[in-house]
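Remarks on the structure that follows.
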Amino acid sequence: AIIIPFYKLTFFEATLQSLAHQIDKRFKVYIGDDASPEDCSALLQKFEGQFNFKYHRFETNLGGTSLTQQWERCIALSNNEEWLMVLGDDDVLDNNVVEEFYKLIEKNTFDISLIRFNHRVIDEYGELKSMDFQCKKYENTQDFLDKLLSMRETITASEFIFSREVYIKNNGFVDFPLAWFSDYATWLLFSKSNGIYQIQNASVYWRLSKMNISSKSQDILEIELKIRSLFLFMSFLQSFFNVEKQKQISFAQEHLSGLLSDVTFYNALGVLKKKSI
């Protein structure tokens, strides 16, 4: 099951086109419309018959309160498929993503809970901004955590496929404000038992644009929420993993610097003094 929490129409056609171009059609797409002001019905009609999908419009917006809860109610639309993928409404798949997924699970008998594809970053024009963040064919949780804390690559929600079993076992996604670091925490938990298996010859293209939450912002409230999530992630690591203190400090300092780099000194002090963080 490929789950798409829909809200933005701007790049959605490219996402759907990449699904229509999949070589292996053994998948179903579940589109959960988060009470978007943008109507995607005409666009969806263009793709009728090209791949199997189900569209549902929610009457209330949830993503504005909790993105991870929006992802979870979109997953609840699915029909108990064994494997799940949450794909952004602006992200794009190589045409062999589904094909390579089945090759991996059909030829291996070992326990797999979490699968990752090569990850590339594209901009709002579809231009490639980074090459593959290639990983070893298998990584345990500690390897993955070390890579996260060293900031050697970007991690997103879209390039992972996970079993419904591990999703249920861990009570869904880790919920942080704006889902900032929620994917990091969730993949760490999902990988604890069986690690991460990497598919190296297919890529997911994650779009970095001014329209998504990962772009630079001078909105003080948004920055406050992101910093709160950063501290919640640090607390999460201390609760569930054995992490060197200096690595955590360096990671937090780097992210704080990035979040506050475009904010005036006065506003930055105000953000950091907030009791909520």
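The values are calculated or read from the model by the stated rules, or taken from the named source; none is laboratory data. Computed from a prediction, not measured in an experiment: that's the story for all the values here. Cβ placement follows ideal geometry from the backbone for every residue including glycine, while neighbour counts extend to all protein chains displayed. The area values use the complete protein model at the heavy-atom level, side chains included, leaving out ligands, DNA and RNA. Shrake-Rupley method; radii C 1.70, N 1.55, O 1.52, S 1.80 Å.
Among Asp33, Asp24, which is touching a Lys or Arg at 6+ places or on another chain (Cβ under 7 Å) and at pLDDT 95 or above? Break it down stepwise before answering.
Values: Asp24 fails: touching a Lys or Arg at 6+ places or on another chain (Cβ under 7 Å).
Step by step, each of Asp33, Asp24 is checked, and only Asp33 is touching a Lys or Arg at 6+ places or on another chain (Cβ under 7 Å) and at pLDDT 95 or above.
Any idea how many residues of segment 18-55 are farther than 15 Å from Leu87 by Cα and among the small types (Gly, Ala, Ser)?
Of all residues in segment 18-55, those farther than 15 Å from Leu87 by Cα come to 21, 23-26, 35-52.
With the extra rule that they be among the small types (Gly, Ala, Ser), the set shrinks to 35-36, 41-42, 49.
Number of matching residues: 5.
State all residues of segment 22-39 that are over 28 Å from Thr60 (Cα atoms) and in contact with a Phe, Trp or Tyr (Cβ under 9 Å, 6 or more places away or on another chain); if no residue qualifies, say none. Give the derivation first.
The initial filter retains those residues of segment 22-39 that are over 28 Å from Thr60 (Cα atoms), namely 22-26.
Those that are over 28 Å from Thr60 (Cα atoms) and in contact with a Phe, Trp or Tyr (Cβ under 9 Å, 6 or more places away or on another chain): Gln22, Asp24, Lys25, Arg26.
When Asn108 is tested against (1) polar (S, T, N, Q); (2) in contact with a Ser or Thr (Cβ under 6 Å, 6 or more places away or on another chain); (3) modelled with pLDDT under 95, only condition (2) is not met. Considered as a group, the residues in segment 148-180 that are in a helix (DSSP H, G or I) and open to solvent by less than 20 Å² (accessible area, probe 1.4 Å) include one that is nearest to Gln253 (Cα to Cα), and that residue is Leu149.
Give me a count of the residues in segment 1-37 that are assigned to a loop (DSSP other than H, G, I, E, B) and touching a strand residue (DSSP E or B) at 6+ places or on another chain (Cβ under 9 Å).
10
Does segment 94-111 include one or more residues that are of a type in the set (D, E, K, R), over 22 Å from Ile199 (Cβ atoms) and open to solvent by less than 40 Å² (accessible area, probe 1.4 Å)? Spell out how you get there, then give the answer.
Within segment 94-111, the subset of a type in the set (D, E, K, R) is 94, 99-100, 103, 106-107, 111.
Okay, now just the ones that are also over 22 Å from Ile199 (Cβ atoms), so none.
The answer is no; no qualifying residue exists.
Residues in segment 58-93 that are over 18 Å from the mean Cα position of the chain (by Cα) and open to solvent by 60 Å² or more (accessible area, probe 1.4 Å): Glu59, Thr60, Asn61, Asn79, Asn80, Glu82.
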